[in-house]
Amino acid sequence: MRVESSNIATTEPGTRRANAASAKIRSRARRVHAGEQGQSLIEFLAASTILLLIVTGVTSFGITLHNFLILTNAVNSGAQQLSFSRGETTDPCATAYSAISAAAPTLASGVTLSFVINGTSFSGNSCTSGAADMSQGAAAQVTATYPCTLSIYAVTYSSCSLKAQLTETIQ
């Protein structure tokens, strides 16, 4: 409550105490916040470290999944080429290997191949005796494996092997 006499405003004693208490609370709040200046930085560092680990792990898993999809597509191309190469080549496995290498140029150096033509197994990139087994209606199977590693910040958590297999009917 203000009492005005001429142009001088005076405040009642109760209001002065309230203002003093309010000022005291504000100064205490400033002191508390002044001690917490680095707290938000510490919280950000803790949260961002965990977030970066998660993002890096997801990225590593995504790269592995991408390699698996490329390998599967390449095996599909190789199996189709193998199934159509009856009577056209003396080395059907080399023809399939060429198709796989063309479909997956980034994986070509580490891919291990095995072929099953009409029940006869071949490993490697060549099977000159496989041309004799290429009879129409028989099965031609291509299996490819590719090594992978899941690592986050140069720490390897597991090594794995991607495997893709496809069976086609020889035309």
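The values are calculated or read from the model by the stated rules, or taken from the named source; none is laboratory data. If you're wondering where the values come from, they're calculated on a predicted model, not measured in any experiment. Cβ coordinates were reconstructed from backbone atoms using ideal geometry, including for glycine residues, and neighbour counts include every protein chain displayed.
General observations
- The number of residues in segment 113-131 that are outside any strand (DSSP E or B), surrounded by 13 or more Cβ atoms within 10 Å (Cβ to Cβ), touching a residue at least 24 places away in the same chain (Cβ under 8 Å) and not β-branched (Val, Ile, Thr) comes to 6.
- Count of segment 142-163 residues which are under 22 Å from residue 59 (Cβ atoms) and assigned to a strand (DSSP E or B): 15
- Checked against the criterion of being of a type in the set (Val, Ile, Thr) and closer than 21 Å to residue 71 by Cβ, the candidates 128, 149, 89 yield just one match: 149.
- Criterion applied to 87, 110, 14 was being more than 33 Å from the chain's Cα centre (by Cα), within 30 Å of residue 128 (Cβ to Cβ) and either modelled with pLDDT under 90 or assigned to a strand (DSSP E or B) (or both), and the one residue passing it is 87.
- Checking each residue of segment 91-104 against the condition of being at pLDDT below 90 and either of a type outside the set (D, E, K, R) or in contact with a strand residue (DSSP E or B) (Cβ under 9 Å, 6 or more places away or on another chain) (or both) gives no match.
- The residues of segment 142-167 that are modelled with pLDDT of 90 or more and surrounded by fewer than 18 Cβ atoms within 10 Å (Cβ to Cβ), listed by number, are 145, 147, 161, 163, 165, 167.
- Of the candidates 64, 95, the single residue that is touching a Cys at 6+ places or on another chain (Cβ under 6 Å), part of a helix (DSSP H, G or I) and not basic (Lys, Arg) is 64.
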